[in-house]
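The block underneath contains the structure these notes are about, expressed in structure tokens.
Every number in this text was worked out from the coordinates using simple rules, so none of it is lab data. As the structure is a computational prediction, the values presented were derived from the model and not from experiment. Backbone-built Cβ (ideal geometry, glycine too); neighbour counts: all protein chains shown.
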Amino acid sequence: MVIRDWRHQQCLTNPPKLEPRLQKAIVAKVGDYELRRCDREDVPAVIEINVSTLPEHYSDYFYYEILAEFPETFLVAELEGRIVAYIMCRVEYGFSHLRRLGLARKGHIVSIAVVEKHRRKGIGSALVKACHDEMLTKGASECYLEVRISNVEAIGLYERLGYKTTGQLESYYKDGEAAFLMAMQIAK
Ligand code: COA
């Protein structure tokens, strides 16, 4: 009885802290930006960033499908409750992009974008590196991607991280532009 009264008193003077929303697991931080796994409720914001920054768009279904299948490598960057960047990747099995005729488990960066005013702050690099870590835990030894041959910013980002151009895919995009295939070893 005495104990209950004491606890009751504690609750009134020192109420337990309740989070306004469920705390989401942060995988990395870049300054005040928090990188964390994408939630289903983040997908509309991700689509909005994709539509406003890239010419390649996907059906809504495609995002939800990748999220359901590869939640570990679908990440977002958040600042003050707003999604400002995303990366969406798969883990696949097939021919290596780095070894002749070898098979490999490989990460595939399907799409990445950072809202323009938040660029050049290291968010893109941090998203790619965080996905490399997740890909490693899924057994991937390399990671690859396709990038427009005119996309200087993205090519700069990938080269800085250690990606090398391993091929060129002519007329890869709907408008006829070619893509560079770029890949890097992620396993030590
Ligand atoms: N010009 C030249 N190099 C650039 C660059 C630019 N405008 N932006 C980034 N880079 C290179 C630099 O080497 C940079 O390092 P530094 O800033 O120390 O010089 C490196 O990439 C890493 O930059 P970072 O700040 O981590 O990247 P970011 O957060 O600005 O994101 C993109 C880079 C490509 C994701 C971003 O520009 C973007 O969203 N672009 C539009 C969408 C897109 O093209 N996605 C890629 C599709 S394949």
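With the convex hull drawn over the C-alpha atoms of region 114-173, the volume per residue is 107 Å³. Where both residues lie in the chain, what percent of DSSP beta bridges are antiparallel, nearest 5? Of all bridge pairs located within the chain, approximately 90 percent are antiparallel. Applying 1/(1 + (r/R0)^6) with R0 = 30 Å to the Cβ-Cβ distance of Arg119 and Gln168, what FRET efficiency is obtained, to the nearest 0.05? Approximately 0.70, to the nearest 0.05. Among Arg99, Arg148, Arg37, which one shows the highest mean-square fluctuation when the chain is modelled as a Gaussian network with alpha-carbon springs under 10 Å? Ranking Arg99, Arg148, Arg37 by mean-square fluctuation puts Arg99 first. The stretch between Leu161 and Tyr64, if pulled fully straight at 0.36 nm per residue, gains 32.1 nm over its current Cα-Cα span. Over all other residues within a Cβ to Cβ distance under 12 Å of Ile123, the charged ones net out to +2, with Lys and Arg as +1 and Asp and Glu as -1.
Measuring against 20 Å, Cα to Cα, the residue pairs Lys106/Lys188; Lys29/Lys129; Lys29/Lys117; Lys129/Lys188; Lys29/Lys121; Lys29/Lys164 contain Lys29/Lys164 as the ones spanning a longer distance.
Can you tell me the orientation of helix 60-69 relative to the chain, as the angle in degrees between its alpha-carbon axis and the longest Cα principal axis, to the nearest 10? The angle comes out near 80 degrees. For the chain, modelled as a GNM whose springs connect Cα atoms under 10 angstrom apart, the maximal fluctuation among Leu161, Leu67, Leu136 occurs at Leu161. With +1 assigned to the C-beta of every Lys and Arg and -1 to the C-beta of every Asp and Glu, and no other charges, what is the dipole magnitude of the chain about the Cα centre in debye, to the nearest 20? I would put it at about 740 debye. Computed per residue of the chain from DSSP H runs no shorter than four, each worth -39500 (n - 2.57), the mean residue ellipticity at 222 nm is -9500 deg cm²/dmol. Computing FRET efficiency as 1/(1 + (r/R0)^6) for Arg99 and Lys129, where r is the C-beta to C-beta distance and R0 is 25 Å, gives about 0.65. Compared with the dominant Cα axis of the chain, that is its longest principal axis, helix 123-137 is turned about 90°. Using C-alpha pairs below 8 Å separated by at least 6 residues, the relative contact order for the chain is 16 percent. A viscosity of 0.890 mPa s and a temperature of 25 °C, combined with the Kirkwood radius over Cα pairs in Stokes-Einstein, give a translational diffusion coefficient for the chain of 134 µm²/s. Ordering Ser96, Ser52, Ser111, Ser125 by the number of other Cβ atoms within 10 Å of each residue's own Cβ, fewest first, gives Ser52, Ser125, Ser96, Ser111.
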